Amino acid sequence: MESKRNDVKNIVPFFLPWISREDKKHVIDALNSPTLTDGPKLREFEHAFAEYTGAKFAIAVSNATSALHMSIKSLGITNGDEVIVPAMTFVATANAVMLTGATPVFADVAKDTMNISINSIENMISVKTKAIIPVHFAGRSCNMKKINKIAKKYNLKIVEDCAHAIGARFDGKHVGNFGDAGCFSFYPTKNITTIEGGMIITNSKDVASYVTSLRNHGLNKTLMQRFARGKPWDYDITQPGYNYRLDEIRSALGLSQLKRIDRLNKIRKKVYEYYNKKLENVDGITTPRSSEKSDHVYHLYILRINKKTKVSRDEVFYKLQKIGIKTTLHYKPLHKFSPFKNIRKDKLGNSEELYEEILSLPFYPNMPVKHQDLVINNIVKIVK
């Protein structure tokens with residue numbers, strides 16, 4: 001009986017990673033290599049990622065939080081400065097700002113895209129403002145033309161949070177290339193994974209040199225350089241740094257997954273469009289939409305359970321959970337967390353409303369149609 005109950009509670013998982021045979025082969029090859037960190041697979045992954053995104057430089061790191069932290073720090077942002085971030089994002093976006101000594105301030109988001117509101121950005125600019133962090137939410141690009149215009153007007157830096165957006169483009173240009181740096185995540189739920197990992201892309205040689213050293217304790221030489229020429233201990237520390245490196249094993253996995261990123265994104269699109277087709281005409285539900293100017297990469301499927309519906313979002317969540325369908329929420333607005341309650345913020349009406357209505361459905365590339373149908377049929381049954 002206990003086994004059956006457990007089976008019922010896990011009918012449809014929220015996410016399942018797709019690790020192929022080829023992925024596993026690349027990982028085993030890396031494990032059999034004499035160099036397990038700071039080696040050739042890392043360089044190969046960085047080169048391939050730069051080529052894919054069209055950036056001059058790509059620097060692999062331990063996760064997207066460290067990518068954001070170092071990117072912000074590389075721009076000279078520090079104590080007393082403010083950085084504008086959207087209220088609807090994962091806490092890492094704001095944490096990375098605070099790690100530099102600066103203060104995040106919260107802009108509202110647009111209700112239809114959940115991307116940072118252009119008007120709200122301007123509302124939050126002060127004499128202390130030094131940068132904007134637009135988050136390309138759920139795989140849809142922000143309007144970078146308008147954000148760049150604001151940044152130029154007020155002489156602000158831009159660090160793009162591309163954690164959801166590998167493969168996303170705006171006006172044909174890959175995200176991460178519009179500002180001073182772009183930061184990507186390879187967490188297990190992302191469009192490609194290294195289990196834990198991240199990447200910084202930039203077209204600035206100064207930013208690239210700074211973060212390359214900073215990720216490795218501030219050393220001015222890589223491990224390969226130290227052993228290839230002269231004495232391995234003959235190096236300098238140019239600045240106090242961190243251990244934010246990505247090892248060879250995770251680099252090998254990332255390199256393998258990157259080779260099929262476009263295929264994975266196309267499959268995600270099919271899953272996304274199937275949800276939309278079946279749910280877009282259901283009363284009480286608002287389904288997500290794409291933008292004509294941006295190439296969406298379908299990282300999440302987030303619908304809204306409208307307040308006029310006879311059941312609340314929480315009721316839908318609990319009823320789905322009871323029958324074994326796992327859903328979640330992206331995200332609790334930042335100003336509701338204890339460290340950020342006294343942070344300066346704009347009027348966050350859209351963020352507040354979305355927080356009461358949004359629900360992220362199970363969503364992954366190899367999701368069976370029968371599982372989607374199970375999710376869809378139960379949602380329709382609950383809200384009607």
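The values are calculated or read from the model by the stated rules, or taken from the named source; none is laboratory data. In this text, all values refer to a predicted model and were calculated from it rather than measured experimentally. Counting neighbours? That spans all protein chains shown, and the Cβs are built from the backbone with ideal geometry, glycine included.
Side notes on the structure shown:
- The range 359-372 - residue that is touching a helix residue (DSSP H, G or I) at 6+ places or on another chain (Cβ under 7 Å) and not in a helix (DSSP H, G or I) and, of those, farthest from M124 (Cα to Cα): M367
- Once the range 211-240 is narrowed to residues that are outside any loop (DSSP other than H, G, I, E, B) and in contact with a helix residue (DSSP H, G or I) (Cβ under 7 Å, 6 or more places away or on another chain), the residue that is surrounded by the fewest Cβ atoms within 10 Å (Cβ to Cβ) is L219.
- Restricting the range 86-106 to residues that are in a loop (DSSP other than H, G, I, E, B) and in contact with a strand residue (DSSP E or B) (Cβ under 9 Å, 6 or more places away or on another chain) leaves a set whose member that is nearest to D346 (Cα to Cα) is A87.
- Among the residues making up the range 316-348, those that are hydrophobic (A, V, I, L, M, F, W, C) and either over 24 Å from the mean Cα position of the chain (by Cα) or not in a loop (DSSP other than H, G, I, E, B) (or both) are V316, F317, L320, I323, I325, L334, F340.
Conditions tested, residue by residue: (1) under 29 Å from I192 (Cα atoms); (2) not charged (D, E, K, R).
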position	(1), (2)
R226	no, no
K231	no, no
Y235	no, yes
G241	yes, yes
K259	yes, no
T286	yes, yes
S294	yes, yes
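- Flag for L300 being surrounded by fewer than 22 Cβ atoms within 10 Å (Cβ to Cβ) and touching a His at 6+ places or on another chain (Cβ under 9 Å): yes
Residue by residue, here is whether (1) within 19 Å of Y301 (Cβ to Cβ); (2) under 22 Å from the mean Cα position of the chain (by Cα) holds:
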residue: S120; (1), (2): no, yes
residue: I125; (1), (2): no, no
residue: G139; (1), (2): yes, yes
residue: N143; (1), (2): no, yes
residue: K157; (1), (2): no, yes
residue: G167; (1), (2): yes, yes
residue: G172; (1), (2): no, yes
residue: F178; (1), (2): no, yes
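- Residue among R268, R304 that alone is in contact with a Pro (Cβ under 6 Å, 6 or more places away or on another chain) and either part of a loop (DSSP other than H, G, I, E, B) or charged (D, E, K, R) (or both): R268
- Listed by first and then second residue, the pairs linking a residue in the range 353-370 that is more than 17 Å from T287 (Cα to Cα) to a residue that is not in a helix (DSSP H, G or I), with Cβ atoms under 6 Å apart and 6 or more places separating them unless they lie on different chains, are Y364/F15; Y364/L16; P365/W18; N366/W18.
- Long-range neighbours under 8 Å by Cβ, at least six apart or interchain, first residue β-branched (V, I, T) within the range 324-338, second assigned to a loop (DSSP other than H, G, I, E, B): I325/I11; I325/P362; T327/F14; T327/L361; T327/P362; T328/F14
- Within the range 46-85, considering residues that are closer than 15 Å to R344 by Cα and of a type in the set (A, V, I, L, M), the one nearest to the chain's Cα centre (by Cα): V85
For every residue, the table says whether it meets (1) crowded, with 16+ Cβ neighbours inside 10 Å; (2) part of a loop (DSSP other than H, G, I, E, B).
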| residue | (1), (2) |
| --- | --- |
| S256 | yes, no |
| D262 | no, no |
| K277 | no, no |
| V282 | yes, yes |
| R289 | no, yes |
| D314 | no, no |
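- Qualifying residue in the range 229-244 (condition: small (G, A, S) and at pLDDT 95 or above): yes
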